Amino acid sequence: MWKIVTENLLRGPRTMKGPKAGADGLAELAGQVDALAQKRLGRSLAIREVDAGSCNGCELEIHALNNPFYDLERFGLRFVASPRHADLLLVTGPVTHNMRRR
């Protein structure tokens, strides 16, 4: 067994790395998304996220979208705290019995 473990550690993963997006491609994508949101809404897209009983894995990923590395706001997408300010409702997790009515 140790032989297999050491071989795998020395060989490394067998996955392929995806292509890296260039700065020009990201800037173009951000411009297109922002232009579509401006055209349809007249402003940026506001998203309200509701946890309906998930394991919090989705919430961790959603919070990661707001950090400086991903910076979702440069695409004209932002998360809001109130459903009154939202254009889109994002429900994560299975809808539990207690959350069904809400």
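Residues in the range 54-102 that are over 29 Å from D24 (Cα atoms) and charged (D, E, K, R): E59, R84, R100, R101, R102. Filter the range 53-79 for residues that are hydrophobic (A, V, I, L, M, F, W, C) and either assigned to a strand (DSSP E or B) or exposed (fewer than 15 other Cβ atoms within 10 Å of the Cβ) (or both) and give the result. Across the range 53-79, the qualifying residues are C55, L60, A64, F69, L77, F79.
I need a count of the residues in the range 32-52 that are assigned to a helix (DSSP H, G or I) and open to solvent by 60 Å² or more (accessible area, probe 1.4 Å). Don't jump to the end; show me each part of the working.
Restricting attention to the range 32-52, the residues satisfying the condition of being assigned to a helix (DSSP H, G or I) are 32-41.
Retained after the next criterion (residues that are open to solvent by 60 Å² or more (accessible area, probe 1.4 Å)): 32, 36, 38-41.
Number of matching residues: 6.
The values are calculated or read from the model by the stated rules, or taken from the named source; none is laboratory data. All of these numbers come straight from a predicted model, not from anything done at the bench. All Cβ positions, glycine included, derive from the backbone under ideal geometry; neighbour counts span all protein chains shown. The area values use the complete protein model at the heavy-atom level, side chains included, leaving out ligands, DNA and RNA. Shrake-Rupley method; radii C 1.70, N 1.55, O 1.52, S 1.80 Å.
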